[in-house]
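Engineer: What follows is a structure written as structure tokens; I'll ask about it next.
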Amino acid sequence: MTQHTHTPHPPALVRRRPGLQSVPTQQDLIVPKPGTITLGQETVSRAQAQEAAEHQARVELIQRLGVPTGPDDLMDQFADHLAEKTGMLYGFVNIFLGVQTFVGLHNPSPDSGHLILGRSMSRDHGWCPAVVKRKRALPLPDVHASPRFSGNAVVDAVGIRSYFGAPLIHAETGITLGTVCTIDPEARPRTDARRLLSVIKDEGAEVLHALTSGAAAR
């Protein structure tokens, strides 16, 4: 009987974009024991590997859609609307890159006596990272009412007491581009939380449409 030798199919080519690292394929991952993954010479948890892959997919989608990665006039207007409609001091359109990047930003008046915030923040700070991870809105009328969210660098640095945020989820891919959110040094009554959250979600839907339609880049 004639024996046939099996020639394995060549691995799929990974398209590389300038300045971006490709997401590791399954063949690149060696699993030495449950719960850890070796990627090159670095051992990371499965959760860390998944987070890295999600971040890479987000960066590629942001580039493909032409989402702004710096200050944008239209996104600043949305941030203004967020602050105005909620009555809160700060409003943000936050795109998650290597850092949280506020392409839309509303600060209080320079003579208000409140801190004027910059356009970026570590991905470990604030409450938007929790919104991105859970993929649903987060109302915190009083951050100190929840021990899980009370301890935060933003609380200490800016003295924030209330936060309302919603994710910007790209419908076709399910990838979260970032968030829209507002923060304020005053706590909000729980009776007003539903209204404020509704404002954030509605504004977030308009922001997402503008980002994915390319309106912000024009």
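Engineer: Would you confirm, using the coordinates I've provided, whether Gly151 is of a type in the set (Gly, Ala, Ser), open to solvent by less than 20 Å² (accessible area, probe 1.4 Å) and under 30 Å from Gln50 (Cα atoms)?
Structural biologist: No: the conditions fail for Gly151.
Engineer: Any chance region 143-164 includes a residue that's modelled with pLDDT of 95 or more, under 27 Å from Val67 (Cα atoms) and in contact with a strand residue (DSSP E or B) (Cβ under 6 Å, 6 or more places away or on another chain)?
Structural biologist: Yes, the conditions are met somewhere in region 143-164.
Engineer: Let me ask another. Quick one: which strands (runs of 3 or more DSSP E) lie wholly within region 1-112 and hold at least 1 residues that are open to solvent by less than 30 Å² (accessible area, probe 1.4 Å), modelled with pLDDT of 50 or more and among the acidic types (Asp, Glu)?
Structural biologist: none
Engineer: Which condition does Ala166 not pass, out of (1) open to solvent by 30 Å² or more (accessible area, probe 1.4 Å); (2) touching a residue at least 12 places away in the same chain (Cβ under 8 Å), if it passes all the others?
Structural biologist: With respect to (1) open to solvent by 30 Å² or more (accessible area, probe 1.4 Å); (2) touching a residue at least 12 places away in the same chain (Cβ under 8 Å), Ala166 is out only on (1).
Engineer: Same structure again: Looking at (1) under 28 Å from Ala52 (Cα atoms); (2) open to solvent by less than 50 Å² (accessible area, probe 1.4 Å); (3) of a type outside the set (Gly, Ala, Ser); (4) modelled with pLDDT of 95 or more, which is the one condition that is false for Asp192?
Structural biologist: Only one criterion in (1) under 28 Å from Ala52 (Cα atoms); (2) open to solvent by less than 50 Å² (accessible area, probe 1.4 Å); (3) of a type outside the set (Gly, Ala, Ser); (4) modelled with pLDDT of 95 or more is unmet by Asp192, namely (1).
The values are calculated or read from the model by the stated rules, or taken from the named source; none is laboratory data. On a predicted model such as this, the values are computed, not experimentally measured, just so you know. Glycine also receives a Cβ, built like all others from the backbone with ideal geometry; neighbour counts cover every protein chain displayed. We work out accessible area using only protein heavy atoms, side chains counted, and drop any ligands, DNA or RNA first. Shrake-Rupley method; radii C 1.70, N 1.55, O 1.52, S 1.80 Å.
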